[in-house]
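Have a look at the structure below, then the notes.
The values are calculated or read from the model by the stated rules, or taken from the named source; none is laboratory data. All of these numbers come straight from a predicted model, not from anything done at the bench. Reconstructed Cβ throughout: ideal geometry from the backbone, glycine too, with neighbour counts over all protein chains shown. Side chains included, ligands, DNA and RNA excluded: accessible areas come from the protein's heavy atoms. Shrake-Rupley method; radii C 1.70, N 1.55, O 1.52, S 1.80 Å.
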Amino acid sequence: MKINQILILSYNDLPYYLKSCFLFLGIFPEDYEIGRKHLMRRWIAEGIVSGIDGFSVEKVAEHCFNQLVSRSLLQPSECNYNGIVKSCRVHDMMLDVIISISRKENFMMLLNEQPSIPPRRQKIRRLSWHRKSNGLMPTDIDLHHLRSFTAFGEDVPLKDYRKQRLLRAIDLEGCRKLSDLHPKSFSKLCLLKYLSLRNTGLSKLPDSIGDLQNLEFLNIRGTNIQELPNTIVQLKKLVHLLAGGHLLLDYSVKICIPLLKVPKGIRRLKKLRMLGMVRADDVQLVQEIGELVDLQKLAICFGSQDLAREMQEEISALLSKLNSSLRSLIILHIAIFGNLKKSLDEVASPPLLLCKLKIDARLGGLPAWFASLKQVVEINLRYAGLHLQDLQVLRNLHTLVKLVLGRGSFDNDDEDLVFHREGFTHLKFLEIHKQSVSFEEGAVQSLEILKMIAFTDEDRFNGIEHLHGLKEVHIQTKNEDKIEMVKNIAANHSNRPKCFATNPLDMI
């Protein structure tokens, strides 16, 4: 009881703008891992945070998140290579206090295996459904005033939202048994800003999606949706359109499934800042994407084995048109012997403000403009077929913090990738797949995390002991002798890094 009183005092001491952010945590189930971006987007969609004094709403949401973490009201569960919290959890006792306060203040209603039914006249504004098994929505609950609906479980009891006209957010993420929605589900939701159908069993969006005139965020990642309805181009306020899934090719390689086709007229979505993963098999679509001049993040796949000359030219033009806005770019080209590099070489005005870049495509060498990426923080390459001298270009990118050299990054995989004393001045995270590697004394002094994935019996690694700042070393291989060797290196390393060694056969 005393602990609860202390926690309530902690809540009472919060500044007014943090109290709603804090109570909102009550929508999540016990021990649920809450994604930072997921939480911030929900705050924004429901108007819990807003931009102030010249700061964008995203900056304010990030500040509120960091405040809750610094006050220990949120417990970080995962951080990225740069120390930024990616996900967090709420302590069980804290969650009990949140739910108790929420009931008193009518902030939200929770329906779980033992639901507490509110007074008949109470206006429910936020509803969170926690049911492991199928269940029906109680018939005596008035949902006409509902502002947000969140579901955690296999299926969803509410699939037709025409009577909930005040909804601002619908979050059905992870409801895998959700395979269909009423054709007119969204026809009356003129206020809806946030819709997440991520990791559900949906294979089609209803045409009524086009009636969501205020929709800003749509997430259909991890679904079976392969094509967007033509009405999607009516969403003039859409800012984030997230799509694509993942396919496990083997124990070390996971790629996006770029199946999503978008209709003609995508150029009308002028407010889009995030788009992908989309498949671009025709020139007109590439041209239309090039007209979305506010795009900051783009993930795009080209499916043809050999890109026609006209398509090559449009890819070059696309990157030139978006050169001042793009901060994150993912390009996939499904081809064994592709000609994407010609498109990249001929970009007239390259996107030199890129912070994150991922390319899964045959290149045969880095485009010349890579050497001018002065703000790039993260590079991820796979199947690029580079030459060993291309490592020199990467070495001189002094802002680079994370580098992933996936399968097939270099043609000469029987030669060592040698990391010399010079370069990679800020690199903290390095991941290498199926490639021998050597580190000279004094190399990569800032490196904290080293991952060596899918190492074979022929792959070699030398000089890990020279990485004096190392905090973690990971190895994934079928060779038990190599696993034991890495464990011994870590045990005798001057910095005593944590060692994570796994045999993929153990995961089958």
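Below are the figures for this structure:
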| item | result |
| --- | --- |
| Hits in the range 416-464 (condition: within 23 Å of N503 (Cβ to Cβ) and hydroxyl-bearing (S, T, Y)) | S436, T456 |
| Those residues of the range 437-458 which are surrounded by fewer than 20 Cβ atoms within 10 Å (Cβ to Cβ) and closer than 21 Å to L386 by Cα, in sequence order | S438, K451, T456, E458 |
| Residue count for the range 168-185, restricted to those that are in contact with a strand residue (DSSP E or B) (Cβ under 8 Å, 6 or more places away or on another chain) and either of a type in the set (K, R) or within 20 Å of V239 (Cα to Cα) (or both) | 6 |
| Residues that are free of Cβ contacts under 8 Å to residues at least 40 places away in the same chain and surrounded by 14 or more Cβ atoms within 10 Å (Cβ to Cβ), drawn from the range 45-59 | I48, V49, V57, E58 |
| Among the candidates L450, L430, L470, residue that is part of a loop (DSSP other than H, G, I, E, B) and of a type in the set (A, V, I, L, M) | L470 |
| Every residue from the range 482-500 that is assigned to a loop (DSSP other than H, G, I, E, B) and free of Cβ contacts under 8 Å to residues at least 24 places away in the same chain | R496 |
| Filtered residues of the range 276-298 (kept if under 17 Å from the mean Cα position of the chain (by Cα) and open to solvent by less than 10 Å² (accessible area, probe 1.4 Å)) | G276, M277, V278, L295, L298 |
| Selection status of K237, open to solvent by 30 Å² or more (accessible area, probe 1.4 Å) and at pLDDT 95 or above | yes |
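Condition check ((1) within 25 Å of Q375 (Cα to Cα); (2) of a type in the set (D, E, K, R); (3) touching a Lys or Arg at 6+ places or on another chain (Cβ under 7 Å)) across all residues:
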residue: S409; (1), (2), (3): yes, no, yes
residue: L417; (1), (2), (3): yes, no, no
residue: G423; (1), (2), (3): yes, no, yes
residue: H426; (1), (2), (3): yes, no, no
residue: E431; (1), (2), (3): yes, yes, yes
residue: I449; (1), (2), (3): yes, no, yes
residue: M452; (1), (2), (3): no, no, no
residue: F455; (1), (2), (3): no, no, yes
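Matching residues to (1) open to solvent by 10 Å² or more (accessible area, probe 1.4 Å); (2) of a type in the set (A, V, I, L, M, F, W, C); (3) free of Cβ contacts under 8 Å to residues at least 24 places away in the same chain; (4) in a loop (DSSP other than H, G, I, E, B):
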position	(1), (2), (3), (4)
S325	yes, no, no, yes
L329	no, yes, no, no
K342	yes, no, no, no
L354	no, yes, no, yes
L357	no, yes, no, no
L366	yes, yes, no, yes
V376	no, yes, no, yes
I379	no, yes, no, no
